[in-house]
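Student: Structure in structure tokens, see below.
Laboratory data are not the source of any read-out in this text; all were calculated from the coordinates shown. As the structure is a computational prediction, the values presented were derived from the model and not from experiment. Note that each Cβ is placed from the backbone with ideal geometry, even for glycine, and that neighbours are counted across all protein chains shown.
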Amino acid sequence: MLAPGKEHYEKINRLCENIATVIVGKDSVIRLVAVGLLARGHILIEDIPGIGKTTLANALARSLGCSFQRIQFTSDLLPTDILGVSVFNPKESRFDFQKGPIFANIVLADEINRTTPKTQSSLLEAMNDRQVSMDSVTYPLPRPFVVIATQNPVEHYGTFPLPESQLDRFMLKITIGYPSPEEEEKLLQSRKGRDPLEGIEPVLSTDEVIELQDAVDQVRMDPSLTTYLMDIVTATRRSTLIQVGVSPRGSLAMYKLAQAHALTAGRDFCIPDDIKKLSVPAFAHRIVLSTEYGPRATGATGANQVIRNIVESVPVPL
């Protein structure tokens with residue numbers, strides 16, 4: 001297994017630059033998506049309609065020489081529409097399993113919160129164990145396997161909020177936000193001809209993605225940083241503003257994300273900023289605020305700000 005090196009850094013930059021030809025002025029968001037991919041994590045992109053969520057996911061998929069499937073989530077979608085179904089074969093007098101769209105390297109779950117909780121839950125085993133169980137048979141999913149889900153804010157009509165157990169399977173939850181007027185003008189200019197998304201070519205093969213993911217495992221994490229990480233996690237479990245703190249799955253996710261973030265910065269070792277910069281997208285969706293604040297709290301009592309305050313209160317190792 002190759003140790004992290006310059007060639008890995010160059011490949012990551014090539015991926016991010018390729019996506020940036022379509023997603024204008026959102027370099028930090030693109031970098032977050034790359035971090036999630038390298039950490040073998042699933043990514044949830046939440047924002048209002050028309051902001052570029054699906055375009056970002058499509059740009060990533062087109063930049064990789066991997067198999068890709070898009071699933072449009074609707075209220076009448078069934079679990080078998082995602083996982084697959086057993087069909088009777090009269091010639092062999094048996095049932096044959098026909099794999100669903102979940103059997104791909106990159107799966108875009110578009111508007112995931114527009115389908116029912118029953119269908120949402122069909123993704124749990126795939127996302128957690130990277131396998132699908134049907135009719136007492138377990139089918140492994142391909143490697144790499146990443147779910148990129150998009151959703152509109154729960155305030156919009158016709159949505160079903162994701163339960164905490166589903167949210168906890170996502171390694172990162174990110175938002176894109178409006179572009180600046182200058183960036184949006186540049187975006188308009190780029191759309192005079194054909195859609196730039198159509199011109200994206202793969203810049204990384206499946207084997208190269210796996211190589212980068214394996215390189216993340218070799219990034220060093222000093223024991224003092226592990227303690228720092230656990231101090232932050234413990235603080236979320238003790239805060240009076242939080243009813244349910246970060247789970248052990250969240251701790252493991254942050255450990256891997258910090259390693260991936262270091263690799264995207266060209267380092268083979270982690271620093272405190274790797275943890276600090278990822279704290280909100282890695283932790284905010286995993287906590288449940290106390291009842292007096294609720295899931296829609298914003299400002300000083302919102303989940304993002306609560307996590308920021310906790311991170312700022314925890315001493316950084318020297």
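Student: For residue 115, what is the net charge nearby, where nearby means another residue's Cβ is under 12 Å from its Cβ and Lys, Arg count +1, Asp, Glu -1? Please report the intermediate quantities before stating the final value.
Tutor: Values: positive: 114, 118; negative: 76, 81, 110, 111.
Neighbour charge sum, excluding residue 115 itself: -2.
Student: Report the gain in length on full extension from residue 249 to residue 75: 0.36 nm times residue separation, minus Cα-Cα distance, nm rounded to one decimal.
Tutor: Numbers: separation 174, 0.36 × 174 = 62.64 nm, distance 2.93 nm.
Result: 59.7 nm gained on full extension.
Student: Separate question: Counting other Cβ atoms within 10 Å of each Cβ, which trypsin sites (Lys or Arg not before Pro) in segment 71-100 have at most 11 and sit in a DSSP loop? Could the numbers behind the result be given before it?
Tutor: Working: sites: 91, 94, 99; in loops: 91.
Answer in residue order: 91.
Student: Under the 0.36 nm per residue contour assumption, what length would be gained going from the current alpha-carbon distance of residue 167 and residue 211 to full extension? Walk me through the intermediate numbers first.
Tutor: Working: separation 44, 0.36 × 44 = 15.84 nm, distance 2.75 nm.
Stretched fully, the residue 167-residue 211 segment lengthens by 13.1 nm.
Student: Separate question: Loop by DSSP (not H, G, I, E, B), at most 16 other beta-carbon atoms within 10 Å: where is the longest site-free stretch of the chain for GluC sites (Glu not before Pro)?
Tutor: 156-291
Student: Please report the antiparallel percentage of DSSP beta bridges with both residues in the chain, rounded to the nearest 5. Walk me through the numbers before you get to the answer.
Tutor: On the way: 12 of 32 bridges.
Looking only at bridges with both residues in the chain, the antiparallel portion is about 40 percent.
Student: Taking only DSSP H segments of four or more residues, each worth -39500 (n - 2.57), what value at 222 nm results for the chain once the sum is divided by all its residues, to the nearest 500 deg cm²/dmol? Intermediate results must be reported in sequence, preceding the final value.
Tutor: Values: 13 runs with 135 residues, N = 318.
After summing the helix terms and dividing by the residues of the chain, the value is -12500 deg cm²/dmol.
Student: Quick one: 3J(HN,Hα) in Hz for segment 136-142, Karplus 6.51/-1.76/1.60 with θ = phi - 60°, rounded, Gly and Pro as x.
Tutor: Once rounded to whole Hz, the list reads 6, 10, 9, 10, x, 8, x.
Student: Okay, next question. From the gyration tensor of the Cα coordinates in the chain, what semi-axes in whole Å does the equivalent ellipsoid have, largest first, with each one equal to sqrt(5λ)? Mind dumping the intermediate values first?
Tutor: Numbers: eigenvalues 179, 123, 102 Å².
So the three semi-axes of the chain are 30, 25, 23 Å.
Student: Just order 102-108, 304-310, 69-75, 138-144 by mean Cβ neighbour count inside 10 Å, highest at the front, would you? Walk me through the numbers before you get to the answer.
Tutor: Values: 102-108: 22.9, 304-310: 19.3, 69-75: 16.3, 138-144: 14.1.
Packing order, densest peptide first, comes out as 102-108, 304-310, 69-75, 138-144.
Student: Also, quick follow-up: List every DSSP H helix in the chain whose Cα atoms extend 18 Å or more along the helix's own long axis and whose mean Kyte-Doolittle hydropathy is at least -1.0. Intermediate results must be reported in sequence, preceding the final value.
Tutor: On the way: long enough: 6-20 (21 Å, -1.15); 223-238 (22 Å, 0.06); 248-264 (24 Å, 0.04).
Span-like helices, by this rule, are 223-238, 248-264.
Student: Something else now. Counting only the backbone N, which residues of segment 245-269 are under 20 Å from the spot 7 Å out from the Cα of residue 313 toward its beta-carbon?
Tutor: 245-248, 251, by backbone N distance to the label point.
Student: Once you place label points 7 Å from the Cα toward the Cβ at residue 198 and residue 124, how far apart are they in nm?
Tutor: It works out to 4.3 nm between the two label points.
Student: Go through 221, 199, 188 and say which Cα lies farthest out towards the positive end of the charge dipole of segment 183-223; charges sit on Cβ, +1 for Lys and Arg, -1 for Asp and Glu.
Tutor: Among 221, 199, 188, the one farthest towards the positive end of the dipole of segment 183-223 is 188.
Student: Something else: Within the set 11/276; 53/173; 6/256; 118/277; 91/118; 6/53, which residue pairs have Cα atoms separated by over 23 Å? Walk me through the intermediate numbers first.
Tutor: Numbers: 11/276 25 Å; 53/173 12 Å; 6/256 20 Å; 118/277 34 Å; 91/118 34 Å; 6/53 30 Å.
In this structure, 11/276; 118/277; 91/118; 6/53 lie more than 23 Å apart at Cα.
Student: Around residue 16, with a cut-off of 13 angstrom between Cβ atoms, what is the net charge of the other residues, counting Lys and Arg +1 and Asp and Glu -1? Don't skip to the end; give the middle numbers.
Tutor: Numbers: positive: 11, 14, 26, 31; negative: 10, 17, 27.
Every neighbour counted, the sum reads +1.
Student: In addition: Could you name the aspartates and glutamates whose alpha carbon sits less than 14 Å from that of residue 186, not counting residues in the same chain fewer than 8 places away?
Tutor: Straight-distance partners of residue 186: 195.
Student: Same structure, new question: How much net charge surrounds residue 198 when only the other residues with a Cβ under 13 Å from the Cβ of residue 198 are counted, with Lys and Arg +1 and Asp and Glu -1?
Tutor: Details: positive: 62, 191, 194; negative: 195, 201.
Neighbourhood net charge equals +1.
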